[in-house]
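Encoded as structure tokens, the structure appears first; notes follow it.
The values are calculated or read from the model by the stated rules, or taken from the named source; none is laboratory data. These numbers come from a predicted model, not from an experiment. Here the Cβ positions follow ideal geometry from the backbone for every residue, glycine too, while neighbour counts run over all protein chains shown. Heavy atoms of the whole protein, side chains included, go into the accessibility calculation; ligands, DNA and RNA do not. Shrake-Rupley method; radii C 1.70, N 1.55, O 1.52, S 1.80 Å.
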Amino acid sequence: MASLELEGKVVLVTGGNKGIGAEVVALLEDLGAKVAYVYRSEPGEHGSLAIQADVTSLDEMTRVVDRVEDELGPLYSVVANAGITRDSLFVKSEVDDWDEVLRTNLTGVYNTVRPVMPKLNERGEGSMVLISSVVGQQGNMGQANYAAAKAGLNGFAKTLAQEGARFNVRTNVIAPGFIETNMLAHVPDKVKEKILSTVPLGRFGKPEEIAWAAAYLVSPQASFITGAVLNINGGRYM
Ligand code: CAA
């Protein structure tokens, strides 16, 4: 039977307790993977192993990776999804918000993949999926910090793709558009209407529409895809 061949594969997802991350955890589990996830505040409902940790700490993420391998087995893949917003027009912005967003959304991804990639390289297989954003490609009013971090991820991922290729380790990016999650819930209604008018498919996305792409890119079925940025945005940016 056709399958994504994820049965028994160990995958770590950051920010796996809610939003897009929770859908990724649930779907990977449905597809037979052994899924560990990191959460900061409250655990989610799916996955084999939930670990409370802060992606801004390399020490904590190193301990997370060791624990996942001890309890579930050798990692096959990581989905670096954890991210935050601290929206404000740039001229009103605070440098503390800039620092926090960069530390979580960019350095947090460094901290997530840094302990994982040497292990994948050594084993000669594996894949990493980084969740970026259409905002990293287009910018977005009120999101200078977020746009800078997400754009940074794209260059970071392409470099990892080049460095990992000789070891058969793939790195890809998903760039979601505006998806129905808590992040979007905080956007004022008048701004939501403006955003919606820029989406050719005429609606916001659903977390599961990102999760299916993440599962595919994680899986060995995507074996010839590396260094890609997959846009899932209803046509807002092509
Ligand atoms: N797109 C288009 N116009 C926007 C906008 C946006 N994203 N954000 C703000 N504007 C417009 C406002 O409509 C307003 O226009 P008018 O003066 O014509 O009414 C103008 O910019 C100034 O905005 P505010 O009056 O709201 O100014 P403020 O200082 O009170 O608040 C803000 C600014 C905090 C940025 C607020 O507008 C806001 O929260 N905007 C939404 C930001 C946003 O889009 N966040 C995305 C969250 S989803 C996500 O991040 C996930 C992802 O990857 C896509």
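Between region 107-150 and region 44-71, how many Å separate their Cα centres?
Using only Cα atoms to place each centre, the spacing works out to 17 Å.
Net charge near residue 197, counting Lys/Arg +1 and Asp/Glu -1 over other residues with Cβ under 12 Å of its Cβ?
Local net charge: +4.
Return the carbon/sulfur percentage of the accessible area of the chain, one whole number, probe 1.4 Å, all protein chains in place.
51
Express the accessible area of region 10-228 per residue in Å², computed with a 1.4 Å probe while the remaining protein chains stay in the model.
For region 10-228, the per-residue accessible area is 46 Å².
Just by accessible area at a 1.4 angstrom probe, what is the order of 66, 97, 30 from largest to smallest?
These residues rank, largest area first, as 30, 66, 97.
What is the distance, in nm, between label points placed 7 Å from the Cα along the Cα-to-Cβ direction at residue 88 and at residue 212?
Each label point is offset 7 Å from its Cα along the Cβ direction, giving 4.0 nm.
Which of 112, 198, 226 ends up with the largest GNM mean-square fluctuation for the chain, with Cα atoms connected below 10 Å?
Fluctuation is largest for 198.
Which whole number in µm²/s is D for region 45-123 by Stokes-Einstein, with the Kirkwood Rh taken over Cα pairs at 37 °C and 0.692 mPa s?
My calculation gives 234 µm²/s for D.
If the only charges are +1 at each Lys and Arg Cβ and -1 at each Asp and Glu Cβ, what is the size of the charge dipole of the chain around the Cα centre, to the nearest 20 debye?
For the chain, the charge dipole is close to 720 debye.
For residue 77, tell me the accessible area in Å² from a 1.4 Å probe, rounded to the nearest 10.
Residue 77 has an accessible surface of roughly 0 Å² with all protein chains in place.
When only alpha-carbon atoms count, how far does region 27-84 stretch along each of its three principal axes, as whole angstroms with the largest first?
Over region 27-84, Cα extents along the principal axes are 30, 23, 16 Å.
How much accessible area does residue 70 have with a 1.4 Å probe, in Å² rounded to the nearest 10?
Accessible area of residue 70: about 130 Å².
Cβ under 12 Å from residue 49's Cβ, residue 49 left aside: what net charge do those residues give with Lys, Arg +1 and Asp, Glu -1?
-2
Around residue 212, under 13 Å between beta carbons, what's the net of Lys plus Arg minus Asp minus Glu among the other residues?
Net of charged neighbours comes to -3.
Heavy atoms only, 1.4 Å probe, whole protein assembly: order 192, 18, 150 by accessible area, highest first.
18, 192, 150
Can you send over the solvent-accessible area of residue 79, 1.4 Å probe, protein chains only, in Å² to the nearest 10?
Only protein atoms counted, so the area is about 0 Å².
What are the principal axis extents of the Cα atoms in the chain, in Å, biggest first?
Result, largest extent first: 48, 40, 35 Å.
Enumerate the residues in region 103-121 having an amide nitrogen under 20 Å from the point lying 7 Å beyond the Cα of residue 59 toward its Cβ.
103-104, 107-116
Report, in order of residue number, the helices in the chain meeting two criteria: a C-alpha extent of 24 Å or more along the helix axis, and a mean Kyte-Doolittle hydropathy of at least -1.0; treat each whole DSSP H run as one helix.
144-165
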